[in-house]
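The values are calculated or read from the model by the stated rules, or taken from the named source; none is laboratory data. Every value quoted in this text rests on a predicted model; they were computed, and no experiment measured them. Cβ atoms come from the backbone with ideal geometry, glycine included; neighbour counts cover every protein chain shown. For the accessible areas, the whole protein counts, side chains as well, though only heavy atoms, and no ligand, DNA or RNA atoms are used. Shrake-Rupley method; radii C 1.70, N 1.55, O 1.52, S 1.80 Å.
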Amino acid sequence: MAFQSEKPAAKTPNIVLFFIDDLGYGDLSVNGAMGYKTPNLDKMAQEGTRFTNFMAAQAVCSASRAALLTGCYPNRLGISGAFGPNAGVGLNPKEETIAEIVKAQGYATGIFGKWHLGSDQEFLPLQQGFDEYYGVPYSHDMWPLHPWQERAKYPPLHWIDGNKPVKEIKNLEDASELTPVITEKAISFIKRNKNKPFFLYVPHPLPHVPLAASAKFRGKSERGIFGDVMMELDWSVGEIMKELKAQGLDNNTLVIFTSDNGPWLNYGDHAGSAGGFREGKGTSFEGGQREPCIMRWPGVIPAGRVSNKLLSTLDVLPTIAKLTNAKLPKEKIDGLDFSALLKGDESQTPRESFLYYYRKNSLEAVRKGNWKLVFAHPGRTYEGSLPGKNGQPGPAPEDHQFPRALYNLARDPGERYDVLEQNPEIVAELEKIADAARDDMGDDLQQKAGKNVREIGRAVRK
């Protein structure tokens, strides 16, 4: 009898979802990063499909994470920005997450890393469908060492185990344990759940500042601490992939790797690269929302493929639902199933349009195909200011007045050449999409309230 290195394929796949913090489009060596290598992610791209038009739903932390886990534009859920430790709000427990829909199918569910969807207990992962949680409740710069601490008054930052705070993260040496501890916890989860289907969510807190790498990687790159951190994150992906193979699960596991938003460019040598796209984190230009995305599932997803079809983190939930035979959430979602495209059918175009909302509820741009209409709006810009150094930020004005403009992203991915006057019919088509969105979800820029916006979760405090 021939030796079989893999277990027989189960009916539905395991899911491993990596969601990296502030990783830019240009931060993987397969996308052109310099000064360090990401060999495990490069190999994942060789063995799977790289999606080059994959959009984070919004270019900021809590909003982006809410969209990934629910398949909804975050403003539909009343969510915007990045929640502080004492915000008193979070993802409404009534919303259904990926964890909840696959758990109903018998999946084990675990999250190891950064949550950032509410730090009150009623909003933590165990109340949103996860069986296990070990990680940080919000961004690890929200701690007493923050340069704005006198104004912000951040409380001590702790690891959370389940619902309980445990070890405090007091300094950068403690923060250097983030990536290795999360990796260790994720590997343990795989070992303990190898005999049942599982959903493993790994939202790494780095390379969000403050940067910290363990002793094993410190000083190893030519790019300084940022490169060291990227090398360690790549190592983490490699260790988790290695464990899947060791447990005979590799051929029946869908692995997804992407990021929550683009790089925080004003941090200079402590920030990543948008890979030539315009602007970065906190903007509705491509540098803020177009993210690296690699998906791998041997024998199912074509190896070595590059797909340029428009997709978004919104589409992850309905695609996982299709692949796991799970029921979609009862309430309206915005994501689209791209499972056929994922498996190699390039004739499929599940997503034709995309909405660029930012701030509380401002529709700053809309896209159909390769055409993108940017509406006049005030916003963040990194251009015209020198970036900071050594972990200190440079200026990033929030009130720059961006004009109305039309860009053809097929010819002008850097959004530099406004062709609005030359294409009135395209503008009219995009305006119709925008008007429908304003009716549905509202638009602060036009002082319009949406008809189909749901309530954010609000903490009940005694």
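Here's the yes/no breakdown for (1) touching a Ser or Thr at 6+ places or on another chain (Cβ under 7 Å); (2) assigned to a loop (DSSP other than H, G, I, E, B); (3) open to solvent by less than 10 Å² (accessible area, probe 1.4 Å):
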{"residue": "Glu122", "(1), (2), (3)": "no, no, no"}
{"residue": "Leu126", "(1), (2), (3)": "no, no, no"}
{"residue": "Gly135", "(1), (2), (3)": "no, no, yes"}
{"residue": "Ser139", "(1), (2), (3)": "no, yes, yes"}
{"residue": "Pro147", "(1), (2), (3)": "no, yes, no"}
{"residue": "Trp159", "(1), (2), (3)": "no, no, yes"}
Practice task
Return the pairs, sorted by first residue and then second, in which the second residue is part of a helix (DSSP H, G or I) and open to solvent by 20 Å² or more (accessible area, probe 1.4 Å), the first residue lies in the stretch 314-342 and is of a type outside the set (Gly, Ala, Ser), the beta carbons are less than 8 Å apart, and the residues are 6+ apart or on different chains.
Solution key: Asp337/Lys322
Practice task
Kindly list the number of the only condition in (1) open to solvent by 70 Å² or more (accessible area, probe 1.4 Å); (2) at pLDDT 95 or above that fails for Arg454.
Solution key: (1)
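Taking the stretch 407-417 on its own, how many of its residues are in a loop (DSSP other than H, G, I, E, B) and either at pLDDT below 95 or within 16 Å of Glu279 (Cα to Cα) (or both)?
Number of matching residues: 7.
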Problem - Boolean, Thr109 is over 18 Å from the mean Cα position of the chain (by Cα), open to solvent by less than 30 Å² (accessible area, probe 1.4 Å) and within 30 Å of Thr12 (Cβ to Cβ) - result: yes
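Give Ile240, Ile225 a once-over and let me know the one that is surrounded by fewer than 24 Cβ atoms within 10 Å (Cβ to Cβ), within 20 Å of the chain's Cα centre (by Cα) and among the β-branched types (Val, Ile, Thr). Show your work before the answer.
Numbers: Ile225 fails: within 20 Å of the chain's Cα centre (by Cα).
Result: Ile240 is the single residue among Ile240, Ile225 that is surrounded by fewer than 24 Cβ atoms within 10 Å (Cβ to Cβ), within 20 Å of the chain's Cα centre (by Cα) and among the β-branched types (Val, Ile, Thr).
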Exercise for the section: Kindly provide the set of residues from the stretch 330-361 that are under 20 Å from the mean Cα position of the chain (by Cα) and either closer than 20 Å to Glu455 by Cβ or small (Gly, Ala, Ser) (or both), ordered by number. Expected result: Ile333, Asp334, Gly335, Ser339, Ser353, Tyr357, Arg359, Lys360, Asn361
Exercise for the section: Report yes if some residue within the stretch 162-169 is in contact with an Asp or Glu (Cβ under 9 Å, 6 or more places away or on another chain) and basic (Lys, Arg); otherwise report no. Expected result: yes
Practice task
Could you pull out every one of the helices (runs of 4 or more DSSP H) wholly within the stretch 22-110 that has 1 or more residues that are modelled with pLDDT of 95 or more and farther than 26 Å from Arg380 by Cβ?
Solution key: 39-47, 98-103
Completion exercise
Of those in the stretch 188-209 that are open to solvent by 30 Å² or more (accessible area, probe 1.4 Å) and not polar (S, T, N, Q), the residue farthest from Leu28 (Cα to Cα) is Lys196
Exercise for the section: Considering only residues that are open to solvent by less than 70 Å² (accessible area, probe 1.4 Å) and in contact (Cβ under 8 Å) with a residue 24 or more places away in the chain, look in the stretch 161-173 and name the one that is nearest to Thr109 (Cα to Cα). Expected result: Gly162
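Please specify each residue of the stretch 303-319 satisfying the condition of being among the aliphatic types (A, V, I, L, M) and either part of a loop (DSSP other than H, G, I, E, B) or open to solvent by 10 Å² or more (accessible area, probe 1.4 Å) (or both).
Correct list: Ala303, Val306, Leu310.
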Completion exercise
In the stretch 350-375, residues that are in contact with a Ser or Thr (Cβ under 6 Å, 6 or more places away or on another chain) and small (Gly, Ala, Ser) total 1
Practice task
Please state which one of Glu425, Glu429, Glu383, Glu421 is under 26 Å from the mean Cα position of the chain (by Cα) and not small (Gly, Ala, Ser).
Solution key: Glu383
Fill in the blank from the handout: Those residues of the stretch 407-436 that are surrounded by 13 or more Cβ atoms within 10 Å (Cβ to Cβ) and either touching a Lys or Arg at 6+ places or on another chain (Cβ under 8 Å) or within 24 Å of Glu291 (Cα to Cα) (or both) come to a total of 13
Completion exercise
In the stretch 234-265, residues that are of a type in the set (A, V, I, L, M), in contact with a Ser or Thr (Cβ under 6 Å, 6 or more places away or on another chain) and over 23 Å from Tyr107 (Cβ atoms) total 0
Exercise for the section: Just give me the residues in the stretch 35-72 being of a type in the set (Phe, Trp, Tyr) and open to solvent by less than 10 Å² (accessible area, probe 1.4 Å), in sequence order. Expected result: Phe51, Phe54
Fill in the blank from the handout: Expected output for the stretch 37-65 (first residue farther than 25 Å from Pro298 by Cα, partner of a type in the set (Lys, Arg), Cβ below 6 Å, 6+ apart or cross-chain) is Ala59/Lys281
